[in-house]
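One structure is given below, encoded as structure tokens.
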Amino acid sequence: MLLTIDDVLTQEELAIARSMLARSAWVSGLVTAGTQAAQVKNNQQVQENDPQIVNLRRLVLGALNRNALFFTATLPEKIVPPFFNRYSGETNHYGFHVDNAMRLLPDGSGYVRTDVSATLFLSDPQEYDGGELVINDTFGQHGVKLQAGSMVIYPSSSIHQVTPVTRGERLACFIFIQSMVRNPDQRRLLYEMDMALLQLRQNIGETPAVVSLTGTYHNLLRQWADS
């Protein structure tokens, strides 16, 4: 499932994040690339021991924790601490690749299975040319270039790329999520049911039928969840 979520960050949070990124130390994005991705990855990311990264991660995770749509779409069990990247100048693209199935946590304490990937845009589209996130799925190829503060989520199993940035600077946060529901088809069904239930509650209230369907949703989640 490919889904965009607007205004994950407030304008104030976005300004704070941009200010911290301007003071951050950047290194080659190859530090988190797997063997295949290293052949096509040419960008930069915030250094893992940079003093800004703790506060940057806290800001993004706080925004995700309050976003109901992010929760219902991903059903997160674990989230790898967010990373932050930059595309500009000579380090300006990331060719077609698939995200690693398992990601080592930055502190080395263990691995997280990557079911869902997310990109949180931190630069507005008018600030740079190129830099589209292009995602391939069963319905074709999709180019995504969102307003700063907005996010796209997509299956980590998708082949995707970031096209070359030919003007300006593209800043973004990238995130890997292990879902409570491993199967993407089951995850989509739960999302669609939850969205339909939300609309029914708004239209007709908590009728007996809506309460019954809500119970069905939670019983399916109990049946399908790993945790």
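Quick notes on this structure:
- Some residue of segment 182-192 being surrounded by fewer than 18 Cβ atoms within 10 Å (Cβ to Cβ) and in contact with a Lys or Arg (Cβ under 9 Å, 6 or more places away or on another chain): yes
- Which numbered condition Gln47 fails, given (1) over 18 Å from Phe176 (Cα atoms); (2) in contact with a Ser or Thr (Cβ under 9 Å, 6 or more places away or on another chain); (3) open to solvent by 30 Å² or more (accessible area, probe 1.4 Å): (1)
- Of all residues in segment 100-129 being in a loop (DSSP other than H, G, I, E, B), of a type outside the set (S, T, N, Q) and open to solvent by 30 Å² or more (accessible area, probe 1.4 Å), the one that is modelled with the highest pLDDT: Asp124
- Segment 213-227, residues that are surrounded by 10 or more Cβ atoms within 10 Å (Cβ to Cβ) and assigned to a helix (DSSP H, G or I): Leu213, Thr214, Gly215, Thr216, Tyr217, His218, Asn219, Leu220, Leu221, Trp224
- Scanning segment 159-187 for residues that are assigned to a helix (DSSP H, G or I) and without any contact (Cβ under 8 Å) to a residue 40 or more places away in the chain turns up Asp185, Gln186.
- Matching residues in segment 24-81 - criterion: being of a type in the set (A, V, I, L, M, F, W, C), in a helix (DSSP H, G or I) and free of Cβ contacts under 8 Å to residues at least 12 places away in the same chain: Leu30, Ala38, Val54, Ala68, Phe71
The values are calculated or read from the model by the stated rules, or taken from the named source; none is laboratory data. Note that the coordinates shown come from a computational prediction; the quantities given were computed from them, not determined experimentally. Neighbour counts are summed over all protein chains in view; Cβ atoms, including those assigned to glycine, are modelled from backbone coordinates with ideal geometry. The accessibility values were calculated without ligands, DNA or RNA, using every heavy atom of the protein model including side chains. Shrake-Rupley method; radii C 1.70, N 1.55, O 1.52, S 1.80 Å.
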